[in-house]
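Each remark here refers to the structure printed beneath this line.
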Amino acid sequence: MFPLWSMMSRSRVSLPSSMLEPGRFSPRFPWLTGDLQTLRDTLRRDPPDPGPFIRLWLALPDNDALSAAWHEGKGRETVVLVHGLTGCEDGVHIRRSAAFWRQRGHGVLRLNLRGSRPSMPCSRKPYNAGAGDDILAALRGLPKEAITPGLVLIGVSLGGTQVFDALAREGDAPSLPIVAAATVCAPVDLAATSARMMAPRNAVYHGWLLRRMKQDAALLARHLPPALLAAAKAARSVRTFDDGYVAPLSGYAGADDYYARCSLAPKLARIRAALLCLTAADDPWVPAVTYAAVDWASNPRVTPLVAPGGGHVGFHDSSRDGSWADRTIAAMLAPHLATNGSVP
């Protein structure tokens, strides 16, 4: 067992060896700390080109639609990449993962959620942590060739929390051929993650994220009730933003209700697809101790994995073949994927 450290309390927490990484993660110089791992893709805007794609507009039941960049594959599963809060298809880590999976013969769908910049023209409200039904509805509208022989869902950060929701909604009566899934640094406890983001050591992150959240809300202004738009503009924290804007727009009573219902615990037992939940012990945004609190043994289909480093959706090591997270996901999901084409 190796120790995890809470950045808020500095108290030592241990995890079962089954939750620890199967292969050593070693950060690439100079990205040696969790914060530098987190900031690397912001400081170095060098996303790989994942190649040509077809622009899709995937209809939702309420007549909104999600924009997606679809890269056709070579007979292997389509990997669906779901971005995080205030992100989109052009995030550096999304483009890097897309290039990684395409090199292995997979189709890739870079899915833009409701209210993200690429989906904004056909959005009348934002997405939220419980927007798994949007993901499922969009995937049901894919061309047949995009879902053969199956789909692999990969969600990063809050996109991972939405993947939890999508998989739980599929449950025992699946409507899509989802063969496996993974999440990277996904909040499993939204209340604890919100509190971590508002901690003094994260003041710069918090201010940056809140500004982006408000900018996205402003772009939806013509569709929003004035009181909710005013609440978004006035919010002084991610929690007050969620309480006054996200929660009421999404049918929740407030931030407490939203956080409780959209965290992993109430969904875990309903997940039937093989799922890998990868995070980093030094993630400055998502407390690793929240992973220790989950009753993972209640669902053997779900595997938690905690690396000693990697920051928040970083995992930059010496290899330039995707990120360490990409390669680890590919290795651990390989038994669930088709064998035609090269397997990493």
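The values are calculated or read from the model by the stated rules, or taken from the named source; none is laboratory data. Note that the coordinates shown come from a computational prediction; the quantities given were computed from them, not determined experimentally. Glycine also receives a Cβ, built like all others from the backbone with ideal geometry; neighbour counts cover every protein chain displayed.
If you check every pair at least six apart or on different chains, which have Cβ atoms under 6 Å apart with a residue in segment 289-305 that is in contact (Cβ under 8 Å) with a residue 40 or more places away in the chain and farther than 15 Å from Ala180 by Cα first and a residue that is in a helix (DSSP H, G or I) and not acidic (Asp, Glu) second?
Going by the 6 Å Cβ cut-off, the qualifying pairs are Thr290/Ala192.
Go through segment 46-68 and give me each residue that's small (Gly, Ala, Ser), in a strand (DSSP E or B) and over 19 Å from the mean Cα position of the chain (by Cα). Before you say what the answer is, go through the steps one by one.
Our first condition is that a residue be small (Gly, Ala, Ser); within segment 46-68, this holds for 51, 59, 65, 67-68.
Still in the list and also in a strand (DSSP E or B): 59, 65, 67-68.
Result: Ala59, Ala65.
Yes or no: Ala234 closer than 22 Å to Ala131 by Cβ, surrounded by fewer than 17 Cβ atoms within 10 Å (Cβ to Cβ), free of Cβ contacts under 8 Å to residues at least 60 places away in the same chain and among the small types (Gly, Ala, Ser)?
On the way: closer than 22 Å to Ala131 by Cβ: no; surrounded by fewer than 17 Cβ atoms within 10 Å (Cβ to Cβ): yes; free of Cβ contacts under 8 Å to residues at least 60 places away in the same chain: yes; among the small types (Gly, Ala, Ser): yes.
Against the criterion (closer than 22 Å to Ala131 by Cβ, surrounded by fewer than 17 Cβ atoms within 10 Å (Cβ to Cβ), free of Cβ contacts under 8 Å to residues at least 60 places away in the same chain and among the small types (Gly, Ala, Ser)), Ala234 does not qualify.
If the Cβ limit is 9 Å and pairs must be 6+ apart or interchain, which residue in segment 32-58 that is buried (at least 16 other Cβ atoms within 10 Å of the Cβ) and of a type in the set (Gly, Ala, Ser) pairs with which residue that is modelled with pLDDT under 95 and assigned to a loop (DSSP other than H, G, I, E, B)?
Filtered contacts from segment 32-58: Gly34/Met7.
So, in segment 86-125, of the ones that are among the polar types (S, T, N, Q) and not in a helix (DSSP H, G or I), which residue ends up nearest to Ala330 (Cα to Cα)?
If we filter segment 86-125 for residues that are among the polar types (S, T, N, Q), which is where we start, we get 86, 97, 103, 112, 116, 119, 123.
Going one step further and asking which of them are not in a helix (DSSP H, G or I), we end up with 86, 112, 116, 119, 123.
On the way: Thr86: 26, Asn112: 22, Ser116: 27, Ser119: 28, Ser123: 33 Å.
Here the answer is Asn112.
Tell me, which residue of segment 134-183 that is β-branched (Val, Ile, Thr) and part of a helix (DSSP H, G or I) is nearest to Val306 (Cα to Cα)?
Filtering segment 134-183 for residues β-branched (Val, Ile, Thr) gives 135, 147-148, 152, 154, 156, 161, 163, 178-179, 183.
Now restrict to residues that are part of a helix (DSSP H, G or I): 135, 161, 163.
Values: Ile135: 26, Thr161: 16, Val163: 18 Å.
Only one residue fits best here, namely Thr161.
Yes or no: Ala274 modelled with pLDDT of 95 or more and in the same structural domain as Ala129 (by TED's automatic domain parsing)?
Details: modelled with pLDDT of 95 or more: yes; in the same structural domain as Ala129 (by TED's automatic domain parsing): yes.
Against the criterion (modelled with pLDDT of 95 or more and in the same structural domain as Ala129 (by TED's automatic domain parsing)), Ala274 qualifies.
For segment 219-230, which positions are under 26 Å from the mean Cα position of the chain (by Cα) and under 9 Å from Tyr245 (Cα atoms)?
Answer for segment 219-230, where residues must be under 26 Å from the mean Cα position of the chain (by Cα) and under 9 Å from Tyr245 (Cα atoms): Leu228, Leu229.
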